[in-house]
1. Could you give the length gained by full extension between ALA106 and GLN148, i.e. 0.36 nm per residue of separation minus their alpha carbon distance, to one decimal place?
2. Grab the Cα-Cα distance for GLU271 and THR39, subtract it from 0.36 nm times how many residues apart they are, and report the gain in nm with one decimal.
3. Grab the beta carbon distance between SER130 and ALA171, set R0 = 22 Å, and tell me the FRET efficiency rounded to 0.05.
4. If the chain between ALA261 and ASN222 were fully stretched, how many nm would it gain, using 0.36 nm times the residue separation less the Cα-Cα distance?
5. Search the structure for amide H atoms under 5 Å from the amide H of ALA232, placed 1.01 Å from N in the peptide plane, and list their residues when 5 or more places away or on another chain.
6. 5 Å is the cut-off here: which amide hydrogens, built 1.01 Å from N in the peptide plane, fall below it relative to ASP122, excluding neighbours closer than 5 in sequence?
7. Excluding GLU243 itself, calculate the net charge of residues whose Cβ lies under 12 Å from the Cβ of GLU243, where each Lys or Arg counts +1 and each Asp or Glu counts -1.
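Throughout, read-outs are computed from the coordinates displayed, never taken from laboratory work. All figures in this text were calculated on a predicted structure; none of them were measured in a lab. Reconstructed Cβ throughout: ideal geometry from the backbone, glycine too, with neighbour counts over all protein chains shown.
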Amino acid sequence: MPRRRGQRTGQSSAGRSRYNAGQAAVETPRDHSNNPGGTMPIAIITGASVGIGRASAARFLDRGFTVYNLSRRACPLDGVSNIACDLADPASIAAALATLEAAVSAADSVALVHNASQMRKDSALACSDSDLRAVLETNVLAVNALNQGLLPRLPAGSSVVYVGSTLAEKAVAGAFSYVVSKHAQLGLMRATCQDLMGRGVHTALVCPGFTDTEMLRTHLGNDDAVLEAIGAMNSYNRLVAPEEIAGLIDWVHHNPVINGAVLHGNLGQKES
């Protein structure tokens, strides 16, 4: 029996069996661009103005998704709906959620991509409570606020993709608050997996390695020599391209078999 618009997993045994029958399959990402008259999937991406977020927006647009960018800066791609949102401001997040309510309720599938992050140079020896709180506000609390507003509304077949980091499972010096927040995102993903059990909504943590983004370049002082040295720390001797991580995020959305997984995209990073 076809799922009615707005029906959620758990509302009927038919809805559950429809999802479970394909749960173990590895899907080829579908092109939704030729779906006249049908409901369309949507992608909600935080920080889609640059880097991995912008590459992900382009990827989902190519798949025929309606794409929403939540950030202070607009995404420059044609076709993206920009919702101005300061992820450090609960009132701004609440306004964005109100704007998204109708779109989520009408969608047949939602890719919720928690991509935006703040990264500072700090350490366990030099990080004030206020500085740590500011990073956690964007990297952890904003994620939770969006989840609280959106998870109850997500239809079966949706995904919650956390964009973490290699530093979600390890640490380096000089990035204390970022490391703490990325470890927290790993916990968020694992708890999300357990709490959404049986809902037909899957989740995963995508952990990019050193990726050629504005955030990384700023963190490293736009020093080409340092960037080259960082790129040499994997088996391909280059930085990861944002488009490569976007492809992984797209794949995660279409493949619920990886529910609860941590996926590293780092070109085989050398361990020291």
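1. The span from ALA106 to GLN148 would gain 13.3 nm if fully extended.
2. Residue separation times 0.36 nm, minus the Cα-Cα distance, leaves 78.9 nm.
3. Using R0 = 22 Å, I get an efficiency of 0.50.
4. Gain on stretching ALA261 to ASN222: 10.8 nm.
5. none
6. So ASP122 has HN proximity to ALA175, PHE176, SER177.
7. -2
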